[in-house]
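Written below as structure tokens is the structure these notes are about.
The values are calculated or read from the model by the stated rules, or taken from the named source; none is laboratory data. What you are looking at is a predicted structure, and each value in this text was computed from that prediction instead of being measured. Methodologically, a virtual Cβ is constructed for each residue, glycine included, from the backbone with ideal geometry; neighbour enumeration extends over all protein chains shown. Remember, those area values only see protein heavy atoms, side chains included, never the ligands or the DNA or RNA. Shrake-Rupley method; radii C 1.70, N 1.55, O 1.52, S 1.80 Å.
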Amino acid sequence: MSVGEIAGLIAAIAAVALVAFCAVPLLKLGRVLEELRLTVRDLGHSSVPILHELKSTVTATNDELGKLSLVTEDVSKVSRQAVVVSENAAQLTTLFSATLGGPLVKTAAFTHGVRQAIKGKRKVAK
């Protein structure tokens, strides 16, 4: 064997050692990628039912919000009617005090005066 052949043999052994040295991390990386693939697959399988349940929850929430919208519209109508009723009551009070308030006060004052006069006569007559 010549020196060139020995150098070639050493280079071939070094190349085999380098390939063997690089094969170990590549095999580990292959296992990590396989685990990652299984995890992603499981995540996909488990997320589909969650998304279906989330869709039904959102649909139910939207239905309840629609019902709540109807209730708030009814409350708005009732409050508008309450405003109308209170305005009518205020107008009725104003009308009552304008038409009957003055004469009623005058009648009460006249009645009070008559009672005082009658009391005064009774004191004088005794």
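Yes/no matrix, rows are residues, columns are (1) open to solvent by less than 90 Å² (accessible area, probe 1.4 Å); (2) of a type outside the set (Val, Ile, Thr); (3) in contact (Cβ under 8 Å) with a residue 24 or more places away in the chain:
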residue	(1), (2), (3)
Val58	yes, no, no
Leu65	no, yes, no
Thr72	yes, no, no
Val78	no, no, no
Gln81	no, yes, no
Ser86	yes, yes, no
Ala90	yes, yes, no
Ser97	yes, yes, no
Worksheet item: Do we find that Ala20 is surrounded by 10 or more Cβ atoms within 10 Å (Cβ to Cβ) and over 49 Å from the mean Cα position of the chain (by Cα) in this structure?
Response: no
Worksheet entry | Residues of region 1-10 satisfying the condition of being exposed (fewer than 10 other Cβ atoms within 10 Å of the Cβ) and assigned to a helix (DSSP H, G or I) | Val3, Gly4, Glu5
